[in-house]
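The values are calculated or read from the model by the stated rules, or taken from the named source; none is laboratory data. Nothing here was measured: the structure is a model prediction, and the numbers come from that model. Neighbour counts are summed over all protein chains in view; Cβ atoms, including those assigned to glycine, are modelled from backbone coordinates with ideal geometry. These area figures cover heavy atoms from the full protein model, side chains too; ligands, DNA and RNA do not enter into them. Shrake-Rupley method; radii C 1.70, N 1.55, O 1.52, S 1.80 Å.
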Amino acid sequence: MKILRRFAIAALVATAGVGSVGVAGLRINTTHSIPPGIYWLTDRQVTTGATVLMCPPQIPLIAEAHHRGYFGAGFCPGGYEQMFKKILAAKNDVVSIDAAGVSVNGSRLPNTAQVSTDPAGRPLPDYRVENLRLSGDDVLLIADNSPLSFDARYYGPVDRSHIRGVVVPLLIW
């Protein structure tokens, strides 16, 4: 365990400020979307509740978020960094999103309330949807670990083709 811990510290120093870095299946998360740590990208089935690595959709809102520095540059389409998020809703789930947060099948999810401005005081999107039944290709990707995450609470469901795979923690801190 000492060797793995030393590797994790060395990797963090080498990638300071980077949200996700990967070698083969290894991924290092330094954000608070999920607990910071070292994760392994698997070929496990993509299901509700799974933590996934995803490429953000190429939409103007995401381009603005990238410009504001919410996430870095990477190898996703648009030159975006991959993000860690959790699948909180999928096919046939009914989703509602408002300022108070995200509801799935009538249950309000914790840590999903929207905030009106980012830490720099810039306005955030006021995304709203009521009782949207997700199609077979739609997923709702949220970082329910962080009430300040920039995720589906601001832009809604995305196509599951944005998912690169399921990640599992090897060492978190």
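Of V167, V158, V95, all but one fail to be more than 19 Å from V52 (Cα to Cα) and of a type outside the set (G, A, S); the exception is V95. Exactly one residue among A50, A73, A143, A90 is under 18 Å from I163 (Cα atoms), in contact with a strand residue (DSSP E or B) (Cβ under 9 Å, 6 or more places away or on another chain), at pLDDT below 95 and among the aliphatic types (A, V, I, L, M), and that residue is A143. Would you check if there is a residue in region 38-53 being more than 16 Å from the chain's Cα centre (by Cα), in contact (Cβ under 8 Å) with a residue 40 or more places away in the chain and outside any loop (DSSP other than H, G, I, E, B)? Yes, some residue in region 38-53 is more than 16 Å from the chain's Cα centre (by Cα), in contact (Cβ under 8 Å) with a residue 40 or more places away in the chain and outside any loop (DSSP other than H, G, I, E, B).
Has region 93-100 got at least one residue that is open to solvent by less than 20 Å² (accessible area, probe 1.4 Å), within 18 Å of G156 (Cα to Cα) and modelled with pLDDT of 95 or more? Steps first, answer last, please.
In the first step, residues of region 93-100 are kept if they are open to solvent by less than 20 Å² (accessible area, probe 1.4 Å); the result is 95, 97.
Restricting the remaining residues to those that are within 18 Å of G156 (Cα to Cα) gives 95, 97.
From what is left, the residues that are modelled with pLDDT of 95 or more are 95, 97.
For region 93-100, residues open to solvent by less than 20 Å² (accessible area, probe 1.4 Å), within 18 Å of G156 (Cα to Cα) and modelled with pLDDT of 95 or more: present.
When G79, G19, G37 are checked against the criterion of being at pLDDT 95 or above and farther than 15 Å from L170 by Cα, G79 stands alone in meeting it.
Of the strands (runs of 3 or more DSSP E) contained entirely in region 101-173, those carrying at least 1 residues that are open to solvent by 80 Å² or more (accessible area, probe 1.4 Å) and closer than 26 Å to I28 by Cβ fall at 163-172.
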